[in-house]
Structures are given as structure tokens and as C-alpha cells.
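Values in this text are rule-based calculations from the coordinates and carry no lab data. It should be emphasised that the depicted structure is a prediction, and the values quoted were computed from it without experimental measurement. Here the Cβ positions follow ideal geometry from the backbone for every residue, glycine too, while neighbour counts run over all protein chains shown.
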Ligand code: SAH
């Protein structure tokens, strides 16, 4: 068994100060009580924050001025945008933001005809070391706090509402596919999921069905998530169906093998009734062979069940300095055909944000 201490031991960098979004409703009331204010002020504050997406206490006119000043203490600015870039005719917007200690991370807001999605980071950097991913090359800087994760979503919801995507839109989807391994920052990510999916005034009220947590396959953490009873969508970054190659593409495979990961995915699907999404970055001549497509389809049918799984192919987004490239179109088409022939749903992901280095695995890497 290979020990991977780096995976779990984030460097002990200080997390940011306490923020409203770190707290559940009971903790919120207690915090307001500590300030000597009546507890119902906590609900008022939450209504403004989660319902109106605002942190500007001066607009909270139902709260007396003196109390507003006190409540400001629960709204430190944690996620400060330092750079915004757009592409795809304004339908994709990347925000580079800075944390209280100068840590940098990114979020990407994407508009579609029928929905608006934000891709958020769960850690600054990442300890998983996948060789094709730009974030993986720099190692883990620190975990993000619950509020730093929720703040990315709140700011995206406000931006979408205010027309940042060209017209007012409601933020409907959140994907944990930015920087970091969400299940390696488990407690904070689960608290953030609760804040994101609880109805206002306790949370942002985004349907759990619209929230996707993407993981390299940390098996015990997937099982813990299964037990949380949060029906979010689980995405597993498989990238190849065989252990030999996966040991190098997703190094945590040295700890939890393909069959164990698929077993955990099946338990998740059965418990939640939600289809698991299998992420597969197609890399030319590395993992795009017809036999791998056949093996993928066979294993998914067998180990998860065709009803409970969907393959999401991602054309590789080449990272600077790597010799790897996306598969040619005919190879990609044949791969899709073979997975479908096995009776497993398979689609190719639309790759937004390439021109602004906002595509998969490139978040913040261009800034170092
Ligand atoms: N750590 C999590 C979530 C972050 S990345 C995970 O690995 O699932 C979100 C997805 O983008 C993952 O499937 C990841 O493997 C993929 N990805 C990373 N770098 C990529 C690249 N250069 N091209 C295509 N997909 C990439």
C-alpha cells in the first residue's frame, strides 16, 4: 500500500477569519448572540446574504444602523476579484480572486441558453498530481474555507443576476471542477454544499441536482458523501479503465484501484438514485484506443449498471510544456461510438474558456 500523506495533509496555512457562510443556522444565531444582538438579526442578515446575494450592510435597512456595524464583523471580504476575463462572446467569464492571505484561486461562470453554471475551486492548488492537469503540477497550497467556496457561488449568482452574461440569468448549476480535490477538503466542502443547496434564508437555494462534485476517486470519502443524504451529482475522474495506466494518469489510483472506485460510484448511485458521471479526458495515443473504449463500456455496465452511469469525454486541454494533446476527431468519434455500443450513455463536453486559460486544469496556472 502506498502512503500518500500529501493528499490529506494540507500545509498548515491559516484559514481565513470566520464568515457568515461558514456557519449553520444555529451557529449563526449563536454568533449574533455573542455580539449582544437578538438572534433574529442572524436571520435578517442571512436573508440579505443568501437571498439578495449582498454583503453590503448599508443596504440592510431593516437592521438598525448600530447593529449593521456589528454585523459587518461576520462579513469579512474573503474572495476579492483581482482579474476578470471574458470570452465565447461574453458567455464565459473567468474571475481570478485573492484570499485574505494573498492566496489565489479562480472561478468560471458560464452561460447557456437554458442555464448558468459556475465552476468553483475547493482548494488553492491540488495535491493529486495528475500529470495532464495544470493545477496538479504546482502542488497543494491550502484548503479553502467553507465561506471561500460559498463566496465564489454567491458572487457568481449576483453577477449572473446583474447581467454579467449579457442578460439577467439565474445561477442554476455549480460544479466543483475548478482547482483542487473537493473530497480532500471534505468537511468544508460538505458544509459548503449544505449552504449552496439549502433554501433561502439558510442557503442559496440551488437545487442539489444542479450541483456536481468531481473527484479523483477517494473511496472512503465517496462512501461518506453517500451517507450525507445530499443528492448532488457525483463525477468520477476515471480517465482510463485499466489500473496500469491509471496508476500514472491519476496517481491516487495506487491507493484505490479502478474496481474499488467503480464500487463506490455504484453505491453512490444506488443510494441517491442519481446517475454518476464518469469524466474521461481523451489524450492522443495515451488513453484513446478502441480497446479502452470497449473495456470502459464493459466495466461501467458490469460494475455500476448502464442505468446509473454517463460518460463525459473531455477533449484534453493541453497544458504548457506537456507533449500530450487531444485525440483527433475521428478517434474521438470512434471512442464515443464504442462506449454507446456497450449501452452506456456518452457525450463530449463542450470546452469553454480556452482563450482565457479558463479551461479544465488551467485555472490560475497562467498567473504563476
Ligand atoms: N480534483 C477533481 C476536480 C478538479 S478537475 C477531479 O479530478 O475530478 C475537473 C476535471 O477536469 C477532472 O475530470 C480533471 O481530470 C479534468 N482535467 C484536468 N486537467 C485537464 C486537462 N488538461 N484537460 C482536460 N481535462 C482536464
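Quick notes
- Computed lengthening from residue 340 to residue 223, 0.36 nm per intervening residue step minus Cα-Cα distance: 39.3 nm
- Judged by the gyration tensor of its Cα atoms, with axes a ≥ b ≥ c, region 131-263 is prolate; a/c meets the 1.5 cut and a/b is the larger of a/b and b/c.
- Here the peptides 203-210, 274-281 are ranked by packing, the mean other Cβ count within 10 Å, and the order with the highest first is 274-281, 203-210.
- Residues 257, 94 arranged by fewest to most Cβ contacts within 10 Å: 257, 94
- Label zone at residue 167 (point 7 Å along Cα-to-Cβ), backbone N below 12 Å, region 82-123: 112-115
- Pairs of Cα atoms nearer than 8 Å and 6+ residues apart set the relative contact order; for the chain it is 15 percent.
- Given their separation in residues at 0.36 nm each and the Cα-Cα distance between them, residue 242 and residue 114 gain 42.4 nm when the chain is fully extended.
- Each peptide in 213-219, 105-111 receives the mean, over its residues, of other Cβ atoms within 10 Å, and ordering these scores from highest gives 105-111, 213-219.
- Per-residue [θ]222 nm for the chain (sum of -39500 (n - 2.57) over DSSP H runs n ≥ 4, rounded to 500): -9500 deg cm²/dmol
- Theoretical gain in end-to-end length, residue 100 to residue 59 [0.36 nm per residue, Cα-Cα removed]: 12.4 nm
- Gyration tensor (alpha-carbon) shape descriptor, the chain, a/c threshold 1.5: prolate
- Packing order of peptides 120-126, 95-101, highest average first: 120-126, 95-101 (average count of other Cβ atoms within 10 Å over each peptide's residues).
- Simple spin-label estimate for residue 34 and residue 18 in nanometres, 7 Å along Cα-Cβ: 0.2 nm
- Burial ordering of 35, 308, 40, 132, fewest other beta-carbon atoms within 10 Å first: 40, 35, 308, 132
- Cβ-based exposure ranking for 128, 60, in which fewest neighbours within 10 Å come first: 60, 128
- With R₀ set to 25 Å, the beta-carbon distance separating residue 294 from residue 322 gives a calculated FRET efficiency near 0.40.
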